[in-house]
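Before any comments, here is the structure.
Taken together, the values in this text are just the output of simple stated rules run on the coordinates, not laboratory data. Quantities reported herein were computed from a predicted structural model and do not represent experimental measurements. Quick reminder, even Gly has a Cβ in these numbers, built from the backbone with ideal geometry, and neighbours come from all protein chains shown.
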């Protein structure tokens, strides 16, 4: 209160005290004191807080009156406690005033009632922490100026992750926010929630609100509890519950309702809503008439349906790389693949390579066991092309980055998926990582026969979609343990059968993906009545994989290209060793035309090795869009480079110098292996 207000209050109090002391009857004086304190309590509390010495003068005068000593002392103690509480933001509650044991409110048209824990008060005016003083006075310290309640709790099926739904009134309705349990146990995290979500929690009251929420949950064991997940696909550690969008697929006898919690992210919420069926399965099947003779389209279809099979078969992620010239139906085929699960429109289930790595990671983590369809890698600006390599590595390995958020520390996102990618160039051309490249199934060529087929696919899949994927999951969920064991045994046998014909470790890895596709195709055609293709898909795929694996082996392709480039400049390659009997060893000091040496060939016993200048090798690799150090390390790991200790270069004698020059020396066996056999100079030892 303002000083002038307190001055006026003291002046009025003087008159009231004089009138009280003029009362002769003792009981009447006591009654008048009680009325005075009750009527003037707020002012007396403020005077005790701001003008205690002046107020005490009145208490001394009143206590001198006969029979008022005890009453005045009791009033003084009460006002002192109230003044101290007011200084801390508290109010003093009369001991006889009952504290509400329940708080009722209306949420989504239904009345809800929560038990208010002992030591707390909660009403429409906010939350207060109650304490009783030694004198028996009940103090209420305001914790929040609006009620903050718990609507329910959620936990992840088969995991320890848990969430709590908090709500508080905002603009005439209840604002609801779902946070991890870690948030409600930390004053700092709750403060961040108040700052970002507009809750009545701040740095001053966060500690009290941590205590309030813990007490509130303990006092309400009947809170709404259930299961939730932040991703689609298989739930928990098993393969009995699957979320396709908001739709749960699970056995009826074991069914546990699971809510999908991604509504806080508009992009992922849009993706989840796209995973809903439209039209009919029969209408969608009619679209397949336009791909009967298109092996690329059938492989894409099998790949989209195969994603939930990976976890059942314990198979790794892989990428179907559809590439070729524009205008030949790549995007239409990708729309067909996307329609297996949902609405195949741009920005719906069909995603784009023209996005950040973080955005692609969020999509993969949200879909988890459903395919990720990424269109047109060639639309990514040149300056951003390196992020394709990062995304490719991340998608192939099935895990993202660890992060923190206001909802608590997030677990590292993981997924088991099939990625379908389109672009003019092979997606493997953007990455030197052998592991990621070995996860790619390359599909090159015209996916469709005509523009009319592409138009029919676009039109048909806009009317009918989202049926086949859930049907595959229904079939997997219904399998008995014996059927699943038999399926995995068939998968292992198929991988072994295909691997026998594989010519390289990379080709054997690809056999795993082909086996997944073949078992998926059998499930579609035999178990779900999907019509069979008119074309031999597997012969086509074998031919594509054979050429694609060789092209995908970037280190081998780089060595082959480098060797052929060097051999095309014989005048710049120093050559000696392995002289015929009686032949002089002639070593020109400099290449013809004043050029520089690029390396040397050792011709002893035909020839044994090729050594090339480190600078020339690095420059050539960069010109050909290779990452030099990554390629050199790959060559070293394969034993293709002759090393000396920790150095990748090998000291080599060159004409015109007495010093040995450190060069990258490649063995003859390595060049033979990559198809760059050097014929010039062979037979010199005859």
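Observations on the model:
- Neighbour counts of other Cβ atoms within 10 Å put 231, 525, 626 in the fewest-to-most order 525, 626, 231.
- Footprinting exposure proxy for 326, 431 (fewest neighbouring C-beta atoms within 10 Å first): 326, 431
- Gap separating the Cα centres of region 318-346 and region 616-642, nearest whole Å: 34 Å
- Rounded to the nearest 10 degrees, the inclination of helix 3-21 to the longest alpha-carbon principal axis of the chain is 30 degrees.
- Förster-model FRET efficiency, 45 Å R0, residue 536 and residue 346, C-beta, rounded to 0.05: 0.85
- Cα gyration tensor category, rounded, prolate or oblate, for region 271-552 with a/c compared to 1.5: rounded
- Hydrodynamic radius of region 145-302 per Kirkwood, over alpha carbon pairs, in Å: 18.7 Å
- As a ratio to 2.2 N^0.38 Å, the alpha-carbon radius of gyration for the chain is 1.50.
- Rounded tilt (10° steps) of 206-219 against the dominant C-alpha axis of the chain: 90 degrees
- Modelled FRET efficiency - R0 41 Å, residue 269 with residue 292, Cβ distances, 0.05 increments: 0.65
- Tilt relative to the chain, helix 41-50 - C-alpha long axis, 0 to 90 degrees, to 10: 70 degrees
- Region 24-61 and region 216-285 have Cα centres spaced 65 Å apart.
- For region 102-229, averaging the sequence separation of C-alpha pairs within contact (under 8 Å, six or more residues apart) and dividing by the residue count gives a relative contact order of 22 percent.
- Computed [θ] at 222 nm, helices only, for the chain once each DSSP H run of length n ≥ 4 contributes -39500 (n - 2.57): -13000 deg cm²/dmol
- Over the Cα atoms of region 102-229, the radius of gyration divided by the Kirkwood radius equals 0.97; this is the Rg/Rh ratio.
- Per-peptide packing, taken as the mean over residues of other Cβ atoms within 10 Å, places 476-488, 170-182 in the sequence 170-182, 476-488 from highest down.
- Taking N as the residue count of region 449-533, its C-alpha radius of gyration divided by 2.2 N^0.38 Å amounts to 1.40.
- Packing-based ranking, highest mean first, of 643-654, 158-169 given that Cβ atoms within 10 Å are counted: 158-169, 643-654
- Ranked packing of 217-224, 420-427, most packed first, by mean Cβ within 10 Å: 420-427, 217-224
- Ascending count of other beta-carbon atoms within 10 Å, so fewest first, for 376, 624: 624, 376
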